[in-house]
Amino acid sequence: MKISVRWLNRYLNLEVADDELAEIFTSIGLEVEGIEKIGVSRQKTLVIGEIQQIDPHPNADKLSVCRVCVGQDDVRQIVCGAKNFQLNDHVPVALPGTILPGDFKISKSNLRGIDSDGMMCSGKELGLSDDHLGLLILPGESKVGKCLHDEIKIHSDTIFDLSLTANRGDCLSYIGVARDVAAKLSMELKLPEIVEGKISEVCPSDHFMENISIETDNCECYSAICIKNIKIGSSPDWMKNDLAAAGIRSINNAVDVGNWVMMETGQPVHIFDAKKIHGNRLVIRQAKDGETVTSLDGKQRILDHTMMVICDGERPLVIAGVTGSIDAEVDTSTVDILIESAYFNPDNIRQTAKDLNVSTESSHRFSRDIDTANVAQNCQRVAHLIGETCGGEIVSCCWKVGSPKRQTFGIDFDPSSIEKLCGFAIPFDISEKILTNLGFKVEKIGEKHWQVTVPAHRPDITCPADVVSECLRIYGTDKIPSVAVRGMGIHRNTDQSVAFTQKASNYLSNHEFFECYNLSLRNQREMEQFMGEGSVLAMQNPLSADQNCFRNSLIPGLLESLRLNIQNGNCDGKFFEVGRVVLKIDGQFNECLAVSCLMPAKPMGRSWRSLQECDFYDIKALIIPILKNFSQELSPFSSIKLSGLWQSAYAAYSGSLSFEKVQATCGMLSLDLLKKFDIKQNILAAEIIVHPSIFSRKLEKESHKPFSQFPRVSKDISLVVKLHENAATVENNVMKAAQKNAGEDIFIESTNVFDIYTGTENPEGRKSIGVTINYRSDRRTLTDTEVQTAFSAAQKDIEKLYEVRKQI
């Protein structure tokens, strides 16, 4: 959107520099992409001078040395090459310091040995015309020494190219932009007066409207005014300059008025040649498949039923909201016109413009959702300006067909919510003033209860948070107070199922298993072969026939991974997966957590070492530590006799999903199953399935604990214990005794078994276990004395359980 400062000043009294205005635009959310300056700007050093003396240049035949009065008792010597002036002529004078178009700065100079204190200017040098052969001669009544801009009309302007977000359709107009700037600067917004034209008493001729009808839901309201006896010609210079600044080519005075009002209000307007409307009627309807319209660019457009057209009694004349046609175009022969203003469905206009690959100023605005409240007023605004620029007589009242569905609506707003959302408060009176200046109506129901009425030109405001955004946008994000950033540590509250998954994954990874991720959807027929008919949950509308049910085991997916690795020569055949399965438990399908792993019974690959073949007891021993994560005792493993997944008599299961809520199965996979996957060796597998109800207990919150920067101190103790005593139990008892007797600011970092000795030096039926205790402090370096005191106290408690062999 190109915004001319000169045009913008019709609605504001701006007294800010261009750089400051650019900052204002950006601060209120209207990003400035570029700035263009036209003509010469207003400068005190660009004045009117009077030529008082003309002498030939002593060293150059084509130059003259002039004495020019540029103010009271201020006469300058200026060297000039022009020949079209004479004594007492008034001319523009650029004194040293003036900057002319092209960033040309005037300074004192010496031309062929003669000093020149300024420059007399031509029209081209001032950006006023293309004449560069002579000076611009000014009227004799112009005042000498006065600023040139104050005496004559110089077309100079600054044009801002604004980048607007999709929700700011209201700022695709000068009034919309002016409204935001006025709210930011707390200044009055000068809106144009809507003048209703006087209707002519002369009866209209037979080509004016008798009926306008709407036959589509994509047009909510439509307004029109008929004017006769206009005179088509060139637009006034001010309008041409305005449109040129907006990047719009001047066509003729009637069309230019429509474009000018569109830029002013954001409401597209179309003007028909009334003689070209057949049947004295207009119909707004959906197009018929195959209908054609020749648009204003001369291209024939083929329409379909999704597009909207405006037709007369015989044919479509306009692709509604997008482009007009040559069949109703205003040209030099036009005498009578019909002015149209309407509200069309934004989605329909957007899709039509996209399908036809046509982008116009009208379609751009309609697709951004225009103001619904000013449709008829825009017609009257255009009619008034047509009367001023083209003449003519209004011969009908303003047609108003339909009514907009979107009206103003209220939002319950608490002004204190600004502080809750933004972190700082905006005074209530300032918030009220901002909203009022933006066109909202504020009704105070209570101290902290406002009814904010949203104007029709802001359809993007739908909730209290949007109102807060508007207040903050105009108030200024630069006023957000600077405060120290305070961060509060967040406790991680890990779900028990996640904790179990992490432990199982880490455990199997440490045992050289590779983790797999397979799809959770499988083939129904395949899964029922393994688990039996009716055991799977099928999908009613699957995306693929091969993925039409939820998996009830992770084993088939792992077998596919194993087969792929064998085919590619990968000898690492140990894989596991942690995921969800859907099983039928007591007649109901339940989503459970599963941990599955598999490995070849005979290690794959070649090695100089003799690799031991694994059996049922190896795979069982692998999963026992995982099962210890659950507090309940599982039933003893029982042999599996019939299964499509497991080999009979070579696999066993423990637990039940109905009672213990945990079921573990391990052993050799079915040979028939392995043949289907083209695997030619025995495979051992295990699968643990956990019912979701077992994870109902919440874990304690975990907090980050920084590492100690102080050294640890280690103490070793050797204990004589019974031969069958578990080393882990001994280590655990040592840890408890050490923790109980640790001194102030001392913690037990860890304990570990470093030696187990079963030699003949031990008493019969006994063994010795060496345990290290590691002491550390978070606050200081520990002394030998305090560590020894803590260790001695712990040793006394340990002696109650075990015989201390020696202290190291």
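The values are calculated or read from the model by the stated rules, or taken from the named source; none is laboratory data. The structure presented is a predicted model; accordingly, all values stated were derived computationally and were not measured. Glycine gets a Cβ as well: all are built from the backbone with ideal geometry, and neighbour counts include every protein chain shown. Heavy atoms of the whole protein, side chains included, go into the accessibility calculation; ligands, DNA and RNA do not. Shrake-Rupley method; radii C 1.70, N 1.55, O 1.52, S 1.80 Å.
General remarks:
- The order of the peptides 549-558, 159-168, 466-475, 430-439 by mean Cβ neighbours within 10 Å, most packed first, is 549-558, 466-475, 430-439, 159-168.
- Rounded to the nearest 10 degrees, the inclination of helix 428-437 to the longest alpha-carbon principal axis of the chain is 50 degrees.
- Cβ-Cβ FRET estimate between ASP331 and LEU133, R0 fixed at 30 Å, reported to 0.05: 0.20
- Pairs from LYS240/LYS400; LYS574/LYS602; LYS228/LYS400; LYS620/LYS736 whose Cα-Cα separation, in the structure shown, is over 21 Å: LYS240/LYS400; LYS620/LYS736
- Inter-label distance for ASP289 and THR408, nm, one decimal - labels placed 7 Å from Cα along Cα-to-Cβ: 4.6
- Within-12-Å neighbourhood charge of LYS420 [Cβ basis; K, R +1; D, E -1]: -1
- With Cα atoms, 0 to 90° folded angle of helix 464-475 axis to the chain main axis: 60
- Anchor LYS584: aspartates and glutamates whose Cα lies under 16 Å away (excluding residues fewer than 8 positions away in-chain): GLU528, GLU533, GLU660
- With contacts taken as Cα pairs under 8 Å at a separation of at least 6 residues, the stretch 489-574 carries a relative contact order of 25 percent.
- Centroid-to-centroid separation of the stretch 337-388 and the stretch 114-133 [C-alpha atoms, Å]: 45
- Tail beyond 46 Å, pair distance distribution of the chain (Cα, percent): 60
- Using a Förster distance of 22 Å, the FRET efficiency for LYS680-ALA621 (Cβ separation, nearest 0.05): 0.25
- The mean accessible area for residues of the stretch 610-754, using a 1.4 Å probe and ignoring ligands and nucleic acids, is 60 Å² per residue.
- Per residue solvent-accessible surface (Å²) - the stretch 388-505, probe of 1.4 Å: 57
- Charge tally around ALA82: other residues with Cβ under 13 Å, Lys/Arg +1 each, Asp/Glu -1 each, net 0.
- Stretch gain in nm, segment ASP355-GLU447, where the contour uses 0.36 nm per residue and the Cα spacing is subtracted: 27.9 nm
- Candidate cross-link partners of LYS184 among the lysines, defined by an alpha-carbon separation under 26 Å and a same-chain spacing of 8 or more, comprise LYS2, LYS37, LYS420, LYS433, LYS441, LYS444, LYS448, LYS479.
- Paramagnetic label zone (point 7 Å from Cα along Cα-to-C-beta, LYS420; backbone N under 12 Å) in the stretch 459-485: 464-465
- Each part reduced to its alpha carbon centroid, the stretch 533-598 and the stretch 266-287 end up 65 Å apart.
- Stretched out straight at 0.36 nm per residue, the stretch from VAL75 to ARG42 would grow longer than its current Cα-Cα span by 9.7 nm.
- Average accessible surface area per residue within the stretch 177-308, 1.4 Å rolling probe, Å²: 46
- Cα gyration tensor shape for the stretch 332-384, rounded if a/c is under 1.5, else prolate or oblate: oblate
- Calculated FRET value between GLU33 and SER142, using beta carbons and R₀ = 51 Å, to 0.05: 0.85
- Excluding same-chain neighbours fewer than eight residues apart, the lysines reachable from LYS354 by a Cα-Cα span under 19 Å are LYS288, LYS299.
- Taking the protein heavy atoms of the chain in the context of the full set of protein chains, the accessible area attributed to carbon and sulfur is 48 percent at 1.4 Å.
- Protection proxy ranking of 107-113, 455-461 - average other beta-carbon atoms within 10 Å, highest first: 455-461, 107-113
- Each part reduced to its alpha carbon centroid, the stretch 13-85 and the stretch 167-182 end up 33 Å apart.
- Under 5 Å, built H, 5+ apart or other chain: amide partners of LEU162: LYS2, ILE3, GLU33
- Extension gain (nm, one decimal) between THR758 and PHE659, 0.36 nm per residue minus Cα-Cα: 31.3 nm
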